[in-house]
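Participant: Submitted below is the structure of interest, expressed as C-alpha cells.
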Amino acid sequence: MASSTNHPSREEIDESQLLLKRLSNELNSELSPGLIHEVNNILTGIYFNLEGCQEALDPSSHAIELIKEINRGVERIKEILGRATQIQLNSAEREVSYHDLEALVAGQLDLMRIVFPKTSKINLTPSSQTIHVRTAEFPFRVALLTMAARLRGLFPAGKNDIRLAILGPEEVSKATGEKGGFAAVEISIPCLAETTEEIDEFLFCATPGDISLKNVEVICAAFGGRVAICPGADRSSSKIMLVLPIYDLQA
C-alpha cells in the first residue's frame, strides 16, 4: 500500500479541476496556435500526473473517483480541441490570399520562441529574393508551430541555435529534386532522419502526446503544401521543409 504522502491532496485535485474548466471555456470561445500548444503541453503533464497518482493510491481510496473525473475532463478537452481545430481549418480554407513568405514566417517567431526552450536562439535566414506564396494564413501558422512544438524534443538541454531559412525555387529543387516554382521554410534538426514517421516514432517514445509531424503533413496538404526531409551537409543533421508553390504577382 502506498504511503499517504504520495496521495494527491484535495487542494491539488481541486486546482486540476479548475484548470480543466478554464481550458474548456477558452477552447470553446477562442482557439489560437499558441493555445493549441499550451493545451497539449498541459494535457501531457496531466496524463503523467494522473498515471503517477493512480499507481500511488490504494485501490480503495476515495480519490480514485476524483482522478477518474479529472481524466474524463482531459478527454473532453481533447475532443473540443480536435473539433475546434477542424472548424478553424475549414474556415481558414476560404481565406486563401497572397503572402510574402519571409514576412509570414517572421510573424510567428515570437510564438516559436515560446515553443522552444528559453535558452534557444532562433535565427531566420531570408531568401535573396522576395517570394510570394498563395496560402491560408491560419493553417500555415498551425503547421509551422505544430512542427516546432514536435521538433523541440530533438534539441538537447542548454543553449541551442534553432536555424530557419527561406528557400527559393533553385534551393528547393537542389534539395528535393522537385522541379517547378516551389519555395520552402526550412528547419535544421541535429540528427539524421529520412521520413516524418521515423521522427514521430522516436519522439513518441520519449514524449508521448497528440502533436505529430503527421498532423503537419495533413495540414500542409489542406493548403497545397507538403513536408520534405533531406540530409544536412554535415551528414549528422537533417533539414525539414514546408514546401509551398510560388505565385508570381506580376504574371
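Taken together, the values in this text are just the output of simple stated rules run on the coordinates, not laboratory data. What you see is a predicted model; the values in this text were computed from it and never measured. Every residue, glycine as well, gets a Cβ built from its backbone with ideal geometry; the counts of neighbours run over all protein chains shown.
Participant: Nearest 20 debye, what's the magnitude of the dipole of segment 96-245 about its Cα centre given +1 on Lys and Arg Cβ and -1 on Asp and Glu Cβ?
Facilitator: With only Lys, Arg, Asp and Glu charged at Cβ, the dipole is about 320 debye.
Participant: Taking the dipole about the Cα centre of segment 96-245, with the C-beta of Lys and Arg at +1 and of Asp and Glu at -1, give me whichever of 193, 241, 117 is farthest to the positive side.
Facilitator: Value: 117.
Participant: Roughly what would the spin-label model give for residue 191 and residue 54, points 7 Å off Cα along C-beta, in nm?
Facilitator: Taking the simple label geometry, residue 191 and residue 54 are separated by 2.7 nm.
Participant: Express in nm, to one decimal, how much length is gained between residue 76 and residue 157 on full extension, taking 0.36 nm for each residue of separation and deducting their alpha carbon distance.
Facilitator: 25.9 nm
Participant: Now a separate question. Rounded if a/c is under 1.5, else prolate if a/b is larger than b/c, else oblate: which is segment 96-245, with a ≥ b ≥ c the root eigenvalues of its Cα gyration tensor?
Facilitator: Verdict is rounded for segment 96-245.
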